[in-house]
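The values are calculated or read from the model by the stated rules, or taken from the named source; none is laboratory data. If you're wondering where the values come from, they're calculated on a predicted model, not measured in any experiment. Positions of Cβ are backbone-derived with ideal geometry, glycine not excepted, and every protein chain shown enters the neighbour counts. In case anyone asks, the SASA skips ligands and DNA or RNA and just uses the protein heavy atoms, side chains included. Shrake-Rupley method; radii C 1.70, N 1.55, O 1.52, S 1.80 Å.
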Amino acid sequence: MLRMTVGREFVADLESVRAALSHTIPDGNLEKVLHACLRHMLRDCERRRRGSGKSREKSPGSVERATGSRYVPASVRDEVWRRDEGRCTFVGTDGHRCGSTYQLELHHIDPFAKGGPSTAPNLTLACAPHNRFLAEKDYGAAHIARAIAKAQGARDNPALGERGGSRA
Ligand SMILES: [Zn+2]
């Protein structure tokens with residue numbers, strides 16, 4: 001049994017969805033309607049996870065090869081996701097695998113900044129806290145702080161984000 005208190009807006013949206021689904025769910029059964037919503041959301045998330053196949057992190061002027069880019073092709077992401085069974089692969093000192101499904105990210109085993117390729121064997125699923133933990137281990141907390149500061153600086157003042165622009 002699931003019991004929850006909902007707001008007026010939720011009720012209004014629910015009625016709209018019920019109406020919209022009345023062809024497929026004529027009796028407007030609450031469980032069926034909500035289940036249809038959940039399935040729809042899962043499909044949506046799945047689609048987003050697989051991505052459009054376009055690079056989101058292209059920086060102008062950079063030469064990107066399949067393995068020389070931080071961008072991970074959808075096929076590789078899919079392969080890693082299936083292999084790792086959609087769960088965090090981090091194994092703690094006690095030998096237990098985390099297995100979390102929360103905020104999963106791709107982790108470069110051989111660090112990307114140190115030349116690690118964006119290929120399935122070099123990628124693994126990690127929940128956000130473990131990915132952060134692993135990144136700090138790979139790069140050191142100081143490096144992370146610098147990278148964040150640099151990213152923020154670049155956003156606030158684009159000129160600061162550029163390197164080696166002038167050659168005298
Ligand atoms: Zn984890």
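Volume per residue for region 69-150 equals 101 cubic angstrom (convex hull of Cα atoms). Entry comment: accessible area of region 1-54 is 91 Å² per residue, from protein heavy atoms only and a probe of 1.4 Å.
Heavy-atom accessible area for residue 96, with the other protein chains in place and a 1.4 Å probe, reaches approximately 130 Å². Taking 7 Å steps out from each Cα toward its Cβ at residue 102 and residue 38 produces label points 1.9 nm apart.
For residue 127, the amide hydrogen comes within under 5 Å of the amide hydrogens of 88, 89, 90, 105, counting only partners 5 or more places away or on other chains and with H modelled in the peptide plane.
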